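I have placed the structure first, in the form of structure tokens, so that the comments after it can refer back to it.
Just so you know, all these numbers are worked out from the coordinates, no wet-lab data involved. None of the values given here were measured: they were computed from a predicted structure. Don't worry about glycine lacking a Cβ; one is built from the backbone with ideal geometry, like all the others, and counts go over all protein chains shown.
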Amino acid sequence: MRLFVSAALSLAILPAMAEARSGDEHPEAQAFIESLSYLEGEWELHNWLATGPGTSQELDFHVTTTRTFDGLGLQSEWYAEDGGWYGRVMNTYDPEAGMWQVYYFDGHNNRWSNSAHAIELTENGYSLTSEGEDAYGAFESRTRFERISDDAYRSSTERRYPGTDWFPIDRIEATRSE
């Protein structure tokens, strides 16, 4: 009987909770995600990636991007065409902090990571900046999304460590899937 009452209450309360959460509770974040709506859909990506000092690899991915969290975020599923990597990227925006939150899931290694990026909308797209630390030490990172159209975009990421110049670590050429 207790289970029945709990289920009945849940059926009565959950729609009201969902209705209270939907709508325009976070208009700045929703407007920001709307400005990135071109990322939604199916994409083919060619990715050049630095794997260490003087070494790199190139990968091809199929990526599906959709909105999530009632329009407050974007979610992308990535699958390497050779089957060697798959994962998920979740993006949300915090307008109070002015930070773009990025959560990565590396399905190949069963590992989550996250980072916060300051974001700036530009005439040609947008740029992200962040700081972090890896096996080589503390670093600064910057990513630019540019040459954006309905069916293509390019992103490039550079990094620098204390005492070094900026150097490329990641470059993506994306075209919309047919």
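The overall shape of the range 101-178, judged from the alpha-carbon gyration tensor, is oblate: a/c is not under 1.5, and a/b is no greater than b/c.
Rounded, prolate or oblate, given the Cα gyration tensor of the range 61-145, with a/c below 1.5 counting as rounded? Since a/c reaches 1.5 but b/c is at least a/b, the shape of the range 61-145 is classed as oblate. Between residue 40 and residue 80, the modelled labels are 3.1 nm apart [label points 7 Å from Cα along Cα→Cβ].
Ordered by the count of other Cβ atoms within 10 Å of each Cβ, fewest first, 149, 37 give 149, 37.
A Förster radius of 25 Å combined with the Cβ-Cβ distance from residue 108 to residue 31 puts the calculated FRET efficiency at roughly 0.10.
Sort 67-77, 107-117 by the packing proxy (mean of other Cβ within 10 Å over each peptide's residues), most packed first.
Ranking the peptides 67-77, 107-117 by packing returns 67-77, 107-117.
Seen against the Cα atoms of the chain and their longest principal axis, helix 2-21 is set at about 60 degrees. Classified by the C-alpha gyration tensor, the chain has a prolate form. Its axis ratio a/c, with a ≥ b ≥ c, is 1.5 or above, and a/b is larger than b/c. Counting only Cβ charges, +1 for Lys and Arg and -1 for Asp and Glu, the dipole size of the chain around its Cα centre is about 520 debye. Here's the picture: a label point sits 7 Å out from the Cα of residue 178 along the beta-carbon direction, and within the range 36-65 the residues with their amide nitrogen under 15 Å of it are 43-44.
Build a GNM of the chain with springs between Cα atoms under 10 Å apart, and of 50, 97, 135 the one that fluctuates most is 135.
Between the range 35-58 and the range 79-107, the C-alpha centres lie 12 angstrom from each other.
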